[in-house]
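First comes the structure, then the notes that go with it.
Bear in mind these aren't lab numbers, they're just calculated from the coordinates by the rules spelled out. In this text, all values refer to a predicted model and were calculated from it rather than measured experimentally. Cβ placement follows ideal geometry from the backbone for every residue including glycine, while neighbour counts extend to all protein chains displayed.
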Amino acid sequence: MASSYPIRAVARLTGIPEDTLRAWERRYQAVTPRRSSRGRLYSDKEIQRLVLLRESVEQGHSIGQIATVSDEQLRMLLRKSEDVALEKKSGRETLRKQKPATDEDRSLEGVLAAVGAYDYARAERELGRLATATPNPRDLVHRVAFPLMRIAGERWHEGKFTIAQEHMLTSLLTGLFASMLRLYAPANPQAKVLLATPENEHHGFGILAAAMLTAAGGLGAIHLGTSLPTRDILQAARKTEASAILVGLCGAEPSTAIPVLREIESKAIPRTRLWVGGASARVSKVAAELDWTPLKDFNALERQLGFLGARF
């Protein structure tokens with residue numbers, strides 16, 4: 001007689017939480033366990049498939065994309081991911097070579113010098129000069145904002161910048177992005193992205209930069225800001241008919257971040273794309289299991305925006 005296992009046992013055997021198992025079955029029919037008076041009962045074959053799905057999700061694949069893929073195709077996908085990982089590992093030392101300062105980095109020195117002197121007014125003027133010289137909003141994000149934040153972070157680690165100076169630069173960039181977002185917002189976008197951070201998450205630079213890239217791609221950016229209750233995020237997504245929800249979780253603890261992701265996933269309008277940025281490895285893993293797409297960087301965001309019709 002074939003073995004059968006209740007959902008609690010399957011969760012232990014596969015390492016997939018019970019509510020995730022239910023979500024995978026309900027939303028994607030990843031497996032179809034038989035029902036009995038004891039509840040769901042899973043076969044050995046279904047357990048093997050769930051393990052394959054879990055490993056594929058851990059490699060970065062969305063459950064929504066692989067739920068109906070055959071077991072053999074999943075194995076091929078995993079083998080390919082392992083080969084890519086080995087190639088990356090073998091070339092890692094080459095990629096670690098330090099790059100010399102570029103002309104692009106040197107062009108930012110006016111802003112950095114002003115921030116170093118705590119001269120907010122001069123830093124604002126220098127940043128405005130760079131913005132005028134960089135009319136493309138995407139270039140402003142990639143060639144000005146991100147390099148400035150990177151160099152400021154490096155100088156802080158080297159003891160050349162204080163936390164106050166880093167915060168000053170963040171404040172300057174946030175003000176610039178907010179004003180330019182109003183300027184570049186499209187009138188009738190073909191798709192809209194809602195961006196916010198949940199309660200007690202006050203790091204808002206990431207979602208503001210993401211909003212800039214969204215608008216730069218010709219899509220609608222619904223930037224709600226930081227520290228919002230989950231119910232407000234969901235209500236706004238429904239009223240605006242957002243095609244995607246991007247939640248920023250820069251440094252959020254798993255104990256607070258994961259329940260937010262679970263609630264949004266369970267209550268969001270079907271077919272709404274769910275993206276999470278800045279999450280830790282542990283939160284990203286759970287997010288992927290719940291069919292959120294973890295965004296490792298802003299290049300990953302642009303790829304997702306492209307699926308909605310963004311043009312860069």
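Compute the Kirkwood hydrodynamic radius of region 4-83, taking the inverse of the mean of 1/r over all pairs of distinct Cα atoms, and give it in Å to one decimal. Mind showing how you got there, number by number?
Working: mean 1/r = 0.0783 Å⁻¹.
Hydrodynamic radius (Kirkwood, Cα only) of region 4-83 equals 12.8 Å.
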Here the convex hull volume per residue of the chain, taken over Cα atoms and given in Å³, is 158 Å³
Taking +1 at the Cβ of each Lys and Arg and -1 at the Cβ of each Asp and Glu, which of ILE151, LEU224, VAL286 sits farthest along the dipole of the chain towards its positive end, judged by Cα position relative to the Cα centre? VAL286
In angstroms, what radius of gyration and Dmax does region 188-307 have, counting Cα atoms only? 12.6, 39
Using the 10 angstrom Cβ neighbour count as an exposure proxy, how do HIS142, HIS157 rank, fewest first? HIS157, HIS142
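Nearest 20 debye, what's the magnitude of the dipole of region 188-307 about its Cα centre given +1 on Lys and Arg Cβ and -1 on Asp and Glu Cβ?
Using only the charged Cβ atoms, the result is roughly 260 debye.
Taking the number of other C-beta atoms within 10 Å as the exposure measure, put TRP292, TRP156, TRP275 in order starting with the fewest. Each step should come with its number before you reach the end.
Numbers: TRP292 26, TRP156 14, TRP275 21.
Lowest to highest Cβ neighbour count: TRP156, TRP275, TRP292.
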Per the Kirkwood definition applied to all pairs of different Cα atoms, how many angstroms is the hydrodynamic radius of region 156-203? 13.7 Å
Rounded to the nearest 10 degrees, the helix 18-28 long axis (Cα) sits at an angle to the longest Cα principal axis of the chain of 90 degrees
Trypsin sites (Lys or Arg not before Pro) within region 205-273, DSSP loop, no more than 11 other Cβ atoms inside 10 Å: ARG271
Report, in debye and to the nearest 20, how large the dipole of region 151-227 comes out about its Cα centre when Lys and Arg carry +1 and Asp and Glu carry -1 on their Cβ. 260 debye
Helix-only estimate, please: 222 nm mean residue ellipticity of the chain, summing -39500 (n - 2.57) across DSSP H runs of length 4 or more and dividing by its residues, to the nearest 500. -17500 deg cm²/dmol
Quick check for me: using +1 on Lys/Arg Cβ and -1 on Asp/Glu Cβ, what's the dipole size of the chain about its Cα centre, in debye to the nearest 20? 880 debye
Relative contact order, percent, the chain [alpha-carbon distance under 8 Å, six or more residues apart]: 14 percent
